[in-house]
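Down below is the structure, laid out as structure tokens.
Laboratory data are not the source of any read-out in this text; all were calculated from the coordinates shown. If you're wondering where the values come from, they're calculated on a predicted model, not measured in any experiment. Note that we place each Cβ from the backbone using ideal geometry, even for glycine, and neighbour counts take in every protein chain shown.
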Amino acid sequence: LSSGINAEYGILGNGMNLSSSLLIEEEDRGEYTPLFAKHFISEGIGHDHVTVCVGERVATWLTTLPKPITQQNPESAANDDELKIAWRYKRKMQTRFSNSYDLSHHRTPDETKSILILPRSSSCSEIISFLEKIVQDNADNVVRVVLDRPVFPVIDEAAFNRFHYLLKQVCAKKNVVTLCIYPTKLFSDSLQFHIHQHFNYSFAVESLPRNDKSVYKEYHGILHLRKIDNMCSFTMPTYDMTDRFFKIKRKKFVIEKMFLPPDLSETVSRSSSSGGGCGTSNNNLDF
């Protein structure tokens, strides 16, 4: 399944598997974390999936869900028929794993009225019972579950782990995909260790300050990959766990690796006297 962001397809191992769960960790202000949840919810609407949201902020998110970019008009499609180069790949190029979204346009209330919302004040047992009923009633459809800090602040770590074990049992059904958001930076060391055991995928979202003089000025934040389960193979996973940088455009959510350019400033120089081996001259060599 798609999380709603095309750039995440390769990072999560060719999309999210059914009965899998994703943990998004808020590193600081949580400025960009809601965007991942909004794309996830909007993608479910586009595929007519059953979407369940739990949390205080989800009601606000539903008013600003990004709208998918419409397909090209018939005139441009007719012009594509006249292409003579690589026509065999034309059908393959038109297929997409997920929709692309325009952040400047939002879905209408009629499109979001089918989303089921459970208030944050509900207890852990009420959340589990509600999700079990939804999964049983929609056995023939995919159920997307979005949890925004369902158990926070954490008072009892044992009760916290018990809730997520029950949640994992519910989400083990073949038609359930879960996205959960927590500010794990506020958790204890033992809780940070245990929470990753409850999810198949996990990454932290860190926002970057907007500074024109910074080397990160083109990016809005960093994705710190924590965990990616290998759910479809018996072999050892070989995923690239290096950090990614993301930048948000109006019609595109870009996630990519960043390669720093070499430092070619005037302060970078070498002294032949400290090199040892290429002569005895005392002249300074600048490269």
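See the values below:
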| quantity | calculated |
| --- | --- |
| Compactness of segment 167-212, expressed as Rg and Dmax over alpha-carbon positions, Å | 14.4, 48 |
| Calculated FRET value between residue 173 and residue 116, using beta carbons and R₀ = 22 Å, to 0.05 | 0.85 |
| Cα-Cα over 28 Å, subset of 174/251; 185/247; 38/213; 185/217; 113/185; 213/251 | 174/251; 38/213; 113/185 |
| Gain upon complete extension [residue 165, residue 31; 0.36 nm per residue less C-alpha separation] | 45.4 nm |
| Label point distance in nm, residue 139-residue 108, each placed 7 Å from Cα along Cα→Cβ | 3.6 |
| Peptides 174-183, 107-116 ordered by average Cβ neighbours within 10 Å, highest first | 174-183, 107-116 |
| Segments 43-53, 202-212 sorted - mean Cβ within 10 Å per residue, highest first | 43-53, 202-212 |
| Stretchable slack from residue 257 to residue 186, in nm (0.36 nm times residue separation minus alpha-carbon distance) | 22.8 nm |
| Ranked by how many other beta carbons lie within 10 Å on average, peptides 218-227, 117-126, 246-255 from highest | 218-227, 246-255, 117-126 |
